[in-house]
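All remarks here apply to the structure that follows.
The values are calculated or read from the model by the stated rules, or taken from the named source; none is laboratory data. Remember, it's a predicted structure, so these values are computed and weren't measured experimentally. Cβ sites come from the backbone with ideal geometry, for glycine too, and all protein chains shown count toward neighbours. For the accessible areas, the whole protein counts, side chains as well, though only heavy atoms, and no ligand, DNA or RNA atoms are used. Shrake-Rupley method; radii C 1.70, N 1.55, O 1.52, S 1.80 Å.
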Amino acid sequence: MATLFKGFSTIDKNRAPYTLTDTDLIKRDLLNHFYTKKGERVMRPNFGSIIWDMLMEQDSPTLQEDIKEDIERIVNLDPRVSLENTILYINDQTIRAEVIIKYYNIEQSETLFLEFSRRNAEDF
């Protein structure tokens, strides 16, 4: 199969090549978006996720809906994928999400496992 998408990332790589293609590139782009706090990027105040700001909130249907809307917003910004389902787990200042996406042009689905915790937030 021909390469549809080509890009690069230095995350988790000690040396070249930094090239990523197809599903690996799409996953990395989505993870970069999710793990960036909204408002953190210079000149791009709408880039990133609001989930980091919700770690200390009490679990409620409203909180879950806000998180799901943010996940849907981020996935919908990428024209290479569609959102199939989101499953949330919220407890002890940790938010976990299983985000099931479907790749266009590849006809393949995959689950992204996201974890947002206060411990991870302190690393930033």
Any chance you could look up the accessible area of Lys68 with a 1.4 Å probe, heavy atoms only, rounded to 10 Å²? 80 Å²
Each residue of the range 85-90 in turn: what ³J(HN,Hα) in whole Hz from Karplus with 6.51, -1.76, 1.60 and θ = phi - 60°, glycine and Pro shown as x? 6, 9, 10, 10, 10, 10
Would you mind calculating the gained length between Arg119 and Met56 on full extension (0.36 nm times residue separation, minus the Cα-Cα distance), in nm to one decimal? 21.5 nm
Paramagnetic reach from Leu63 (point 7 Å along Cα→Cβ, amide N under 17 Å) across the range 32-52: 50-52
Please list the non-local residues whose amide H lies under 5 Å from the amide H of Tyr104, H modeled 1.01 Å from N, same-chain partners needing a gap of 5 or more. Val81, Ser82
With the label point 7 Å along the Cα-to-beta-carbon line of Ser109 and a cut-off under 14 Å to each amide N, the hits in the range 76-94 are 82-87
What FRET efficiency would be calculated for the residue pair Arg73, Val42, taking the C-beta separation as r and a Förster radius of 22 Å, to the nearest 0.05? 0.60
